1. For the pair R6 and E191, what calculated FRET efficiency results from E = 1/(1 + (r/R0)^6), where r is the Cβ-Cβ distance and R0 = 35 Å, to the nearest 0.05?
2. Multiply the residue gap between K259 and R168 by 0.36 nm, knock off their C-alpha separation, and tell me the result in nm, one decimal place.
3. Set the Förster distance to 25 Å, then compute FRET efficiency between E210 and D157 from the Cβ-Cβ distance, nearest 0.05.
Amino acid sequence: MKKERRLPGWLKMQRASGETYSMVKHIVVENHLHTICTSGNCPNIGECWNRGTATFMILGDICTRACKFCATKTGRPLSPDPTEPERLAESIKIMRLKHCVITSVDRDDLPDGGATVWAKTIRRIKEINPEITMETLIPDFDANPELIQKIIDAGPDVISHNVETVRRLTPVIRTKAKYDTSLNVIKYISERGKTAKSGFMLGLGESEDEINQTINDLYSSGCKILTIGQYLQPGEGYMAVAEYITPQKFDEYRVIALKLGFSYVESSPLVRSSFHAENHVKA
């Protein structure tokens, strides 16, 4: 029987409880919403929900891809729910959020990858919450410029797309996505004058040279905001953790990225894409 590797002491997560946490959970459940916090087994759900923030996931909770690092359900999704944009916008109003993060599952089953629903959702959130700032963490849309442009035209403040890992490991842990496709998405967003953000995980077996190359590739593609976090295996059947990277090494990568020219860098073991995202709007 394989012995499970014990988590190092620096990977302590905040307890998921409290009045604000319960409020967020109630609104999510009551309005039949999805969050990547629960679907992706995010280690920061306690801290974020305790602060009254959540990353909402649109277009259902079933992804058409089956990446080996992600706990989101995979299979044949249901048709998009036409009431979802309204329900989400109203929920954000009830929560009195000043900043929100929206993401989605991949919808390769839809002709436009879900871009039309994305645009409707962004616009409805802004109509009902005119003072809100917003980050959208989007799929790659196969780097189709027309589809990415729909998101840009809807007017989010930050548009994020994660490269997830280094070039060599991309085909190992991501199913359909390609490293250069992700870079092209970032490049298109940046060239259209929007703040581009991306992130990747450590601990999958990448080398230090590969990490530095990924940082450089993202910067060269126009990425301004970078998140780097520790990969944690979400369950059996997923990619195993190759190494737990120390907080000191994460600090080193943060310094490297800032010296290169990134406007904002979140780099520590528990960092995830939307961690402290409200600060990234100001970057």
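1. Efficiency computed from Cβ-Cβ geometry: 0.15.
2. Length gained, K259 through R168: 30.3 nm.
3. So the FRET efficiency works out to roughly 0.20.
Quick note: the coordinates plus some simple rules give every number you see, no bench work behind them. Treat the numbers as computed from the prediction; the structure is a model and nothing was measured. Here the Cβ is made from the backbone with ideal geometry for all residues, glycine too, and neighbour counts use every protein chain on show.
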